[in-house]
Amino acid sequence: MNTPRIAIVGAGISGICMAVALQRAGFTDFTLYEKADEYGGTWRDNSYPGLVCDVPSRYYQFRFAMNPEWSHLYSAGPEIKDYLVGVAREHGLRRRTRFGTEVTGAVFDGDGWQLTTSDGVTRRVDFVLCATGFLHHPSRPDIPGLDEFGGAVMHSARWRHDVELTGKRVGVIGTGSTGTQLVSALAGTVPEVVLFQRTPQWILPTVNRPYTRVSKRLYSLIPALGALPYWFNRAAFAVFSQGLVHPGRVRRFIQWVVERNLRSVKDPELRRKLTPDYQAMCKRLVVSDRFYRAVQRPDVTLVTEGIDHAEKRGVVTTDGRLHELDILVLATGFDSHAFMRPMAITGLDGRTLDQAWEQGPRAFEGVMMPDFPNLFMLVGPHSPFANHPLTAVAEAQSARIVGWLRRWQAGEFATVAPTRAATDRYNARMRAAAPSTVWTTGCTSWYLGKDGLPELWPWTPGRYEKLIRSAPDPVDYDLNQRVESRK
């Protein structure tokens, strides 16, 4: 059997998962390319105070690497990064990883890909597996005068640990998960926190309890015990996902829970400012057990007026008020539609990724694109990545990709890509289903594409996993049967 030469672009959750899946399936000729100097992806890039995952720890992990040592129900960012680094180390991935090496271009040459990396080296591979994620290009707001601000300015995903917070007045722009976590962590540790809110968020309450030494010991001694909370959370998320994609009791229940939680804000005026005008889950639902307590503190100020401009002393809002600050944090999210870009990818007949995605990112089953043979994506466009753990998505998609690689190894085809017709049908079905989802009920979010429809799987994650783990339908693919000598 031929051994495929494989490049994995990115060494975060998806890249690690894909590499382990390849090893377990017996594929040995693969390289992970990582532009940074360590594993972890978003959990490496983000290191701001208060960073906590909003998915329970014992569900936000790989099934092949259950961790008995999670410290809390919801783990902090550094702990998740350490877990990912540990998984990579345990499976010997470091010898297959090129750190500090960004893949800048990929050109299809007829039956394989020519990769170019940031060090100027070109290498030929049979398959390119893009595990670049979708939350890695920070979005910087266009605020006039921002460069004139006299204090430190940093994006939450590029936290400057050299900046001393003690005794400083800190402004936070943004009220998504990051903004709420930052405010919760900074309140009471600095003299003043000013939160600039553009859109209020619904907050799902939780209790982030620690795991006891006894429970961790039991999980370690009885590995099968660790599977119980995984499958319990999976079942709970399956119920939760019904509210995302269908109107009904689950959606109404979640709305009741978040409204009840909001009533914990005692000041009627503050509560009014924190009340969204859209349904819960229309935006990514924020999970927090600390934010409402933090925002009611006397050293925290909620500002709902729009930002007019920044100046040397601070931020000026549209009512003309100057908010004097020493540090300004941009918790303004990411360009979630970039995916593999700025990597320049050229497929069949010179067709580029930018041309293919001129009207917005689209894919077939979240993992493939027409006109780009032997190129696969993990957590690509329209994958189920709302509040669903990306570990589960990556495992399902890795299994599908391994299946194609085995067929290539068996000589069934030289190159594979979905047909344009199949891709059009697939995307048309998703667009038709989108209006029933909560993401189209009247809010603006990073989920939405250029056409105003969500770029997410519009059904339950369980339905996606069933699809992606089933046998591919041959009529949906262009299979190149040519047998050519490998260059």
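Over region 302-373, what is the relative contact order in percent, taking alpha-carbon pairs closer than 8 angstrom and at least six residues apart? Write down the numbers at each step before the final one.
Numbers: 54 pairs, mean separation 11.6, N = 72.
About 16 percent, as a whole number.
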**Report entry** Where the chain is the region considered: accessible area per residue in Å², 1.4 Å probe
**Finding:** 43 Å²
Report task. Would you mind giving the average projected area, over all directions, of the Cα convex hull of region 276-324 in nm² with one decimal? Result -> 5.0 nm²
**Report entry** Beta bridges per DSSP with both ends in the chain, % antiparallel, nearest 5
**Finding:** 40 percent
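Express in nm, to one decimal, how much length is gained between Ile222 and Gln242 on full extension, taking 0.36 nm for each residue of separation and deducting their alpha carbon distance. Working shown, then result.
Details: separation 20, 0.36 × 20 = 7.20 nm, distance 3.26 nm.
In short, 3.9 nm is gained.
Would you please give the FRET efficiency between Lys450 and Arg407, computed as 1/(1 + (r/R0)^6) with r the Cβ-Cβ distance and R0 = 45 Å, to the nearest 0.05? Spell out each step's value before the answer.
Numbers: r = 35 Å, r/R0 = 0.77.
After rounding to 0.05, the efficiency reads 0.80.
As a test of the formula, what do you get for the chain when each DSSP H run with n ≥ 4 contributes -39,500 (n - 2.57) and the sum is divided by the residue count, at 222 nm and rounded to the nearest 500 deg cm²/dmol?
Numbers: 13 runs with 143 residues, N = 487.
Rounded to the nearest 500, it is -9000 deg cm²/dmol.
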Query raised in the report: How far is it, in nm, from the label point at Asp29 to the one at His161 when both lie 7 Å from their Cα along the line to the Cβ?
Result: 4.0 nm
Query raised in the report: Roughly how many Å² of His323 are accessible to a 1.4 Å probe, to the nearest 10?
Result: 10 Å²
Query raised in the report: Taking only C-alpha pairs under 8 Å that are 6+ residues apart, what is the relative contact order of the chain in percent?
Result: 21 percent
Report task. Evaluate the relative contact order of region 90-152 (contact order divided by residue number), counting alpha-carbon pairs under 8 angstrom at least 6 apart; express in whole percent. Result -> 18 percent
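Just subtract the alpha-carbon distance of Asp349 and Leu479 from 0.36 nm times their residue separation and send over the number in nm, one decimal. Before the final figure, lay out the partial values.
On the way: separation 130, 0.36 × 130 = 46.80 nm, distance 1.65 nm.
Once the chain is fully extended between Asp349 and Leu479, it gains 45.2 nm.
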**Report entry** Accessible-area composition of region 113-194, carbon plus sulfur, in percent [1.4 Å probe]
**Finding:** 48 percent
Query raised in the report: In degrees, nearest 10, range 0 to 90: what is the angle between the Cα axis of helix 249-262 and the longest Cα principal axis of the chain?
Result: 40 degrees
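To the nearest 20 debye, what is the magnitude of the charge dipole of region 199-322 about its Cα centre, counting +1 on the Cβ of each Lys and Arg and -1 on the Cβ of each Asp and Glu? Mind dumping the intermediate values first?
Numbers: 22 positive and 10 negative charges, 136 e Å.
That gives region 199-322 a dipole magnitude of about 660 debye.
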Query raised in the report: Taking the alpha-carbon set of the chain, what are its Rg and Dmax in Å?
Result: 23.3, 74
Query raised in the report: Looking only at region 227-269, which residues have a backbone nitrogen under 14 Å from a spot 7 Å from the Cα of Arg321 in the C-beta direction?
Result: 269
**Report entry** Cys with no candidate disulfide partner in the chain (beta-carbon separation under 4.7 Å rule)
**Finding:** Cys17, Cys53, Cys130
Query - Phe64 accessible area, 1.4 Å probe, all protein chains in place, Å² to nearest 10 - result: 50 Å²
Requested in this report: Excluding residues on the same chain fewer than 8 positions from Lys81, give the aspartates and glutamates whose Cα lies under 19 Å from its Cα.
Outcome: Glu34, Asp37, Glu38, Asp45, Asp54, Glu69, Glu90, Glu395
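Between Arg263 and Ser71, what length comes free when the chain is fully extended (0.36 nm per residue of separation minus the Cα-Cα distance, one decimal in nm)? If you can, show how the numbers build up before the last one.
Working: separation 192, 0.36 × 192 = 69.12 nm, distance 3.02 nm.
Fully extending the segment from Arg263 to Ser71 adds 66.1 nm.
So for Lys216, Lys450, Lys35, what's the accessible-area order with a 1.4 Å probe, most first? Could the numbers behind the result be given before it?
On the way: Lys216 45, Lys450 155, Lys35 105 Å².
The most accessible residue leads, giving Lys450, Lys35, Lys216.
The values are calculated or read from the model by the stated rules, or taken from the named source; none is laboratory data. Because the structure is predicted, anything quoted here is derived from the model rather than measured. With ideal geometry, Cβ positions are generated from the backbone for all residues, glycine too; neighbour counts draw on all protein chains shown. With ligands, DNA and RNA removed, areas are computed over all heavy atoms of the protein, side chains included. Shrake-Rupley method; radii C 1.70, N 1.55, O 1.52, S 1.80 Å.
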